[in-house]
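None of the figures in this text is laboratory data; all of them are computed from the coordinates on show. Fair warning: this is a prediction, and the values are worked out from it, not measured in the lab. In this analysis, Cβ positions are derived from the backbone assuming ideal geometry, glycine residues included, and neighbour counts consider all displayed protein chains.
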Amino acid sequence: MRFYRASQFLFPHSLGLRLFAVCFVGTHIPLIAFVGWEVLRGRIAWTETWLLLAATLLGTAGAMIGIRKLLAPLKISIEGVRSIERGEPFGGSGTAGPDEMGQLLARVSEAAAAVQSRLSALDQAAHRDPLTGLLNRRGFFLEADPLFHARVGGAFALIDLDRFKLINDTYGHPTGDRVIRDFCNRLRATVGRDDVVARWGGEEFAVYFPRADEAHARGVLEQLAASIRDRPIAELGNHIATFSAGLVEVTDEPVDRTIERADAALYAAKRSGRAQVLVERDVLARAMGGLG
């Protein structure tokens, strides 16, 4: 146990302290030799001894300053590795020098940049639709769930391109893909910056309007419909691409229930003629009128 404690003192875990111990011993060997020689001669020249001691201490202090500067890239590299572990960006390459420590820091910076790029690509693949660049369902829930849990309210819509299968069958899938991309571009240009837009699947899309009422959300969707009527999203002969939408108010209920209500409103819009934005309260009013 004593030997272990002694070894810890002589060779501490810190690399800086290890180097200090080596420098301290190395710089004090001349002083120890000089004092020993003076003792053997039977006299000690105190003036020379104190001068040598002061020079030794100055040399040790200078060595420690140099060691700290030499170890700076190593410490930055360690922080870079920790940044990689946390998935955070690391910008230490600007402090890299031409020596071995600088090369180590440069390699760590390159590794951090490569990992960050891969993580970004994986995140893009996991949460974005590759055709349109919109959020997919997973990405939608990642962004919308905190807002639903915070109960900020708003409106939610499910949108479906009308008779999209006919477009694919008549003009081919590349044209169908172009219609979807053009529609997404028009949709993104119409909604607000804070609205959460996602490709729900196929030709179906979802839009969450946080903190907005149904009237505002309906106005946005009808503006989109008017824009498509005035400037069709694709040249399809006599066919003009349109969409139907089911719109509901967001309440304190779970998000799954909100989606079910919007899907029911969308189904009602499809069943009653397509090319329209149907609000849930209108669907209920029609149902009550039919019962009457």
Relative exposure of LEU52, LEU224, LEU131, LEU40, judged by other C-beta atoms within 10 Å (fewest first) | LEU40, LEU131, LEU52, LEU224
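Taking neighbour counts of Cβ atoms within 10 Å as a proxy for exposure, in what order, fewest first, do ASP282, ASP169 appear?
Values: ASP282 18, ASP169 11.
Fewest-to-most ranking of ASP282, ASP169: ASP169, ASP282.
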For GLU204, put the label point 7 Å out on the Cα→Cβ axis and report which residues of segment 222-248 keep their amide N under 19 Å from it.
-> 242-248
Going by how many other beta carbons lie within 10 Å of each one, how would you line up ARG231, ARG82, fewest first?
-> ARG231, ARG82
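Provide the gained length on full extension for the span ARG229 to LEU52, in nm with one decimal, where the gain is 0.36 nm per separating residue minus the Cα-Cα distance.
Numbers: separation 177, 0.36 × 177 = 63.72 nm, distance 9.34 nm.
Stretched out fully, the ARG229 to LEU52 stretch lengthens by 54.4 nm.
For segment 211-292, compute Rg over Rh where Rg is the Cα radius of gyration and Rh is the Kirkwood radius from the inverse mean 1/r over Cα pairs. Could you put the intermediate results ahead of the total?
Working: Rg = 14.4 Å, Rh = 13.9 Å.
Computed over Cα atoms, the ratio is 1.03.
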Taking 0.36 nm per residue of separation between ASN238 and HIS216 and subtracting their Cα-Cα distance, the length gained on full extension comes to 4.7 nm
